[in-house]
Structures are given as structure tokens and as C-alpha cells.
Amino acid sequence: MKKKIAMTAALMMTLSLIGCGNTETAETTEAVASTEETVAEETASEESDLTYVLNKGTLVVGITDFAPMDYKDENGEWIGFDADMAKAYAKYLGVDVEFVEIDWDNKIMELDGKTIDCVWNGMTLTDEVTSAMECSNAYCNNAQVVIVPTDVADQYQDEASLTDLSFAVEAGSAGEEQATALGLNYTPVKAQSDALMEVAAGTSDAAIIDSLMAAAMVGEGTGYADLTYTIGLNKEEYGVGFRKGSDLAASLNNFFAESYADGSMMTCAETYGVQAAIVEQ
């Protein structure tokens, strides 16, 4: 605000010089234009995130391909529990929604660079996440689970049995956090789906991924029928991340509370087989 006042004062001074018959008209006009541009930039930088999204008419959502939260249907359209809720929130705001696939390890940089407006992709509310982003209230329950080939699953039923395995985990994920905490030997990969491919190909013995993805992606009737999940390593909650200090988080919390109260969130959760968290006003 001090900068804005200073810039406004500079503009008024420049205009007063024009009124006094300053002979350097060209230089003065250029200075006025430059000052006006700077004031406009300062004003824009102080604009709230909610106003920013409403003015541009689009909510840009950062995601990865992560069933059942965000994934494409046969027509190439993004669907899933998170995708459908993001569409509903955009409608609630009266704006369009745009989904952008991001490198999960760069999610905070994408937010701060304003290439996206939020991260809405089954994101676990870890200490690292909540310290770097303005996060919504929890809206979904989850856990990290161990994925192994079905024919050896009976050998890996507790944490002590995991020590000699090589793991694949998504870089920057809650799965990587669990692997680090347990002192496991792991290789970071770009996405949870890549971690599953590593196990299926035999290049890693096991993976750690979200239980919701495991329920949708492994076991009988899925693309990874020869894989299964064994033990759960934790309990966690999902939230949506915005730029630090963003007022969009409070707006989304209101939407979540209304959606939970009217039953639309639970209906969406049942469609995709996920467990919505209790959300109150």
C-alpha cells in the first residue's frame, strides 16, 4: 500500500509539472505513462486470488493422471472425484475450469508462478504442504499402502518384512515421505502410475502409493491384475492447495461445507468409490 501511495504521489507531481508549462513535454508524457503502468502493476499484485480468478474467468487446476481422483475418460475429458468437484466449484464461482498436468515435484513452483491457481489432485496434507501452501480443510480420507506382486504378498504383511525390498515412489509424494521415514531403499519416479509400472516390470520389488489409487488400479479386473496391496503405512487426509495467503482456500471451504450438507459431495464420492471426510461450515 505504501508503494501504491508513493506511485500515486509521483503521478500527481508529474501532472502538476505539465500544468506549470514544463517545456520537456515528451519526457513528461513518457514519465506519466511509466508511472501509470507501475501503479497498475502494484494494484494487480495486491489483488486477491479470488478476484484474480473471477476477473480472468477461469480456474486453472494443477493435476496428475491419478485415478480415481483425476483421469481421462474415453473421450479424453478429465473426470474423477477431484475433477468433478473442481468443475462444480468453478460453476459455483461462475468461471470456467481448465486442467493442467504438472510435474508433482514442482507443484509449489507452478502455484507461485501463477501457471496454475490450485493443486487439486489427492494431495496429502503433510507438514511440508501446509507450510508452503494455503490449504483447504480436509475433504477426503486416505492412506499409503504397499504394492507387491500377488504371488509374494503373503511374505510382506508387516513393516519389518519390507527392509530388503527396493521400492518405487512418486517424487515429492506422501509415499516418498513414508519410505524415507521407514529407511527403505527406494527410487523416486515421476508419478504413482510409473511406480506401478516399475513393479509390474520387475525393476522394483514394491511401490508405495495412495490406497484410493490402489483400489482402482491393482487387483482382479484391473490393468495390474498380478499386483496387490498389503499393509497400510499410515492414515492421512487430502486437501486442495493454493498460493500462500490465498483467499480461495476460505471460499473453497465454504463450497465444501455446502456440498457436504446438501449431499452432492457424498454422491460424487460414491460414484468413484472414495471416502469423503466430514466437512462442516
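The values are calculated or read from the model by the stated rules, or taken from the named source; none is laboratory data. Bear in mind that the values here come from a model prediction, so they are computed numbers and not experimental data. A quick note on method: Cβ atoms are made from the backbone with ideal geometry, for glycine too, and the neighbour counts reach across all protein chains shown. Note: accessible area is taken over every heavy atom of the protein model, side chains too, but ligands, DNA and RNA are not part of it. Shrake-Rupley method; radii C 1.70, N 1.55, O 1.52, S 1.80 Å.
Buried (at least 23 other Cβ atoms within 10 Å of the Cβ) and within 19 Å of Leu212 (Cα to Cα): is that true of Ala138 in this structure? No: the conditions fail for Ala138. The residues listed here are Asp84, Asp154, Asp105; of these, the one that is open to solvent by 40 Å² or more (accessible area, probe 1.4 Å) and touching a helix residue (DSSP H, G or I) at 6+ places or on another chain (Cβ under 9 Å) is Asp84.
Being open to solvent by 60 Å² or more (accessible area, probe 1.4 Å), part of a loop (DSSP other than H, G, I, E, B) and of a type in the set (Ser, Thr, Tyr) is the filter here; which residues of the stretch 178-227 pass it? Result: Thr203, single match. Residues that are under 20 Å from the mean Cα position of the chain (by Cα) and not hydroxyl-bearing (Ser, Thr, Tyr) were ranked within the stretch 217-240; the one that is nearest to Ala276 (Cα to Cα) is Glu237.
Can you find a residue in the stretch 165-185 that is within 17 Å of Thr64 (Cα to Cα), in contact (Cβ under 8 Å) with a residue 24 or more places away in the chain and touching a Gly at 6+ places or on another chain (Cβ under 6 Å)? Checked against the condition, which is being within 17 Å of Thr64 (Cα to Cα), in contact (Cβ under 8 Å) with a residue 24 or more places away in the chain and touching a Gly at 6+ places or on another chain (Cβ under 6 Å), the stretch 165-185 yields at least one hit. Per the conditions (1) of a type in the set (A, V, I, L, M, F, W, C); (2) open to solvent by less than 10 Å² (accessible area, probe 1.4 Å); (3) modelled with pLDDT of 95 or more, the sole criterion not satisfied by Val100 is (2). Restricting the stretch 67-100 to residues that are under 23 Å from Gly273 (Cα atoms), without any contact (Cβ under 8 Å) to a residue 40 or more places away in the chain and assigned to a strand (DSSP E or B) leaves a set whose member that is farthest from the chain's Cα centre (by Cα) is Lys72.
The C-beta contact set for the stretch 260-272 (first residue part of a helix (DSSP H, G or I), second residue open to solvent by 90 Å² or more (accessible area, probe 1.4 Å), distance under 8 angstrom, 6+ apart or interchain) comprises Tyr260/Ile278; Tyr260/Glu280; Ala261/Gln281; Ala269/Gln275. Between Ala138, Ala153, the distinction of being in a loop (DSSP other than H, G, I, E, B) and touching a strand residue (DSSP E or B) at 6+ places or on another chain (Cβ under 6 Å) belongs to Ala138 only. Met133 satisfies every condition listed in (1) more than 22 Å from Tyr260 (Cα to Cα); (2) modelled with pLDDT under 95 except (2).
If you take the residues in the stretch 228-253 that are touching a residue at least 60 places away in the same chain (Cβ under 8 Å), among the small types (Gly, Ala, Ser) and open to solvent by 40 Å² or more (accessible area, probe 1.4 Å), which one is farthest from Asp49 (Cα to Cα)?
Of the residues in the stretch 228-253, the ones touching a residue at least 60 places away in the same chain (Cβ under 8 Å) are 228-249, 251-253.
Adding the requirement that they be among the small types (Gly, Ala, Ser) leaves 232, 239, 241, 245-246, 249, 251.
From the residues that got through so far, the ones that are open to solvent by 40 Å² or more (accessible area, probe 1.4 Å) too are 232, 245.
Values: Gly232: 37, Gly245: 9 Å.
Step by step, filter the stretch 228-253, then rank; the result is Gly232.
When Ala67, Ala88 are checked against the criterion of being modelled with pLDDT under 95 and within 21 Å of Tyr139 (Cβ to Cβ), a single residue qualifies: Ala67. For the stretch 236-259, the set of residues classified as farther than 30 Å from Glu176 by Cβ and not in a helix (DSSP H, G or I) consists of Asp247 only.
Taking the stretch 101-113 as the range and being assigned to a loop (DSSP other than H, G, I, E, B) and either without any contact (Cβ under 8 Å) to a residue 12 or more places away in the chain or among the hydrophobic types (A, V, I, L, M, F, W, C) (or both) as the test, the residues that pass are Ile102, Gly113.
Only a single item in (1) at pLDDT below 95; (2) under 30 Å from Tyr52 (Cα atoms) is not met by Val119, and it is number (1).
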